[in-house]
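Chemist: Here's a structure for you.
The values are calculated or read from the model by the stated rules, or taken from the named source; none is laboratory data. Keep in mind the model is a prediction, meaning the values are calculated, not measured. A quick note on method: Cβ atoms are made from the backbone with ideal geometry, for glycine too, and the neighbour counts reach across all protein chains shown. SASA here: full protein model, heavy atoms, side chains in, ligands and nucleic acids out. Shrake-Rupley method; radii C 1.70, N 1.55, O 1.52, S 1.80 Å.
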Amino acid sequence: MYAIEFETEITNKYIELQDYEKLINKHAKVIVLVKDPVIDTSQADKIEYFKTLINTRKNLPPVENKVDIIKLCNEADSDIF
């Protein structure tokens, strides 16, 4: 097995392979690495929801951030049963 590495500008849905004749009827694994993150519209919706949540909670008392979750779960288990 060998690797072919190249860089290209994506201008449409097709990527041109140089010397593709050598690759006809060969199995290939294609990996696309993009430097800039691609943000889909659902991600933008999540960001807006998070901003709304922050604004809703800004006047509420702060929550202690040093809570030992495992200890709390163990205590809850022993209290219930």
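Chemist: Do any residues in region 19-32 that are within 13 Å of Ile4 (Cα to Cα) have Cβ atoms under 7 Å from those of residues that are open to solvent by less than 100 Å² (accessible area, probe 1.4 Å) and assigned to a loop (DSSP other than H, G, I, E, B), where the two are at least six apart or on different chains, and which pairs are they?
Modeler: Taking only residues 6 or more apart or on different chains, the pairs are Leu23/Leu17.
Chemist: Are any residues in region 40-73 modelled with pLDDT under 80, assigned to a helix (DSSP H, G or I) and polar (S, T, N, Q), and if so, which ones?
Modeler: Passing the criteria: Thr41, Ser42, Gln43.
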